[in-house]
Amino acid sequence: MSTIHPSAMIHPRAVLGQNNEIGPHVIIEEQVTIGNDNRILQGAYIARGTTLGDHNQIHMHAVVGHEPQDVAYHGETSFTQIGSHNVIREFVTIHRGTKEGSVTVIGDHNFFMAYAHIAHNCNVGSHVILVNNASLTGYCEVEDSAFLSGFVGLHQFTKIGRFAMISALSAVNKDVPPYMMCGGRPAVVQGLNVVGLRRGGFTPEERDEIKRAYKVLYRSHLNVSQALEALERDFHSPAVARLSAFVKSSERGIASAQGEEEETLLSRKSSC
């Protein structure tokens, strides 16, 4: 049975599971579905169209699923889908999709620190950390186990690969491939996220192959097309295959390397 503070305002058409804790002055709108064993603390706001899984923590004055900050939005029906075991700290804002029927999607086991922002139509994987004031603009994608430090800003449609790490105060306007350490204004790749790979359980052999693949991509003076050919020809591990697939699918182009000439590793158009 759920514990609901008398001052909480829950719409009659909201659906709540079992063993939820709903604190003072929480607002839950209609068309919200909440699973089991969630803690929603005082002043949090859960807007219409939100689906929340199990064992999440939503802290004070967080806003989840509210209307997108998009001048093109005119009341279309859209959604926010959040998995389980997420920690959403104070004053975090997560906005629903902007186009009719579209969705902002967040996976499981994420940790979003105070004042982080996830805009409309973003897709965030699992085990992602957003440090205070990290901000995702519309249509960004952040893959599993990525780490965005404080005050990081992403351009619209930017993708961050799995196990990538972005340093504080960075402005990211190109896609950041998996496993990379990236930072600056604009952000450039500065090396591998060695600590993240080790903590993520990659074996020494896997880490060594990722390191060699990084050198092909960023230190061999090959353009993107040539580097992809080399990766697909000379490497066969799943980790490098994911790196290659990410680079191949990039539409904005991948972030250049620190100290590299821009024509070497920017957009696909300049690499051909």
Q. Among the residues of region 24-50, which ones are of a type in the set (A, V, I, L, M) and outside any loop (DSSP other than H, G, I, E, B)?
A. ILE27, ILE28, ILE34, ILE40, ILE46
(Q) With the requirement that a residue be in a helix (DSSP H, G or I) and surrounded by fewer than 17 Cβ atoms within 10 Å (Cβ to Cβ), what does region 210-241 give you? (A) LYS211, ARG212, LYS215, SER225, GLN226, GLU229, ALA230, GLU232, ARG233, ASP234, PRO238, ALA241
Q | For THR264: the one exception among (1) at pLDDT below 95; (2) in a loop (DSSP other than H, G, I, E, B); (3) under 17 Å from VAL176 (Cβ atoms) | A | (2)
Q: Mind listing just one residue for me: the one in region 177-209 that is part of a helix (DSSP H, G or I) and hydrophobic (A, V, I, L, M, F, W, C) and, of those, surrounded by the most Cβ atoms within 10 Å (Cβ to Cβ)?
A: LEU197
Q | Residues (outside any loop (DSSP other than H, G, I, E, B) and loosely packed, with under 15 Cβ neighbours inside 10 Å) located in region 1-23 | A | THR3, MET9, VAL15
Q. More than 15 Å from HIS11 (Cβ to Cβ), in the same structural domain as SER135 (by TED's automatic domain parsing) and free of Cβ contacts under 8 Å to residues at least 40 places away in the same chain, is that true of GLN69?
A. no
Q: Show the residue pairs that are 6+ apart or on different chains and have beta-carbon atoms under 9 Å apart, the first residue being within region 184-196 and modelled with pLDDT under 95, the second being β-branched (Val, Ile, Thr) and assigned to a strand (DSSP E or B).
A: none
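The values are calculated or read from the model by the stated rules, or taken from the named source; none is laboratory data. Predicted, not measured: the structure shown is a model, and the values here were computed from it. Because the Cβ atoms are built from the backbone with ideal geometry, glycine has one as well, and the counts that use them run over all protein chains shown.
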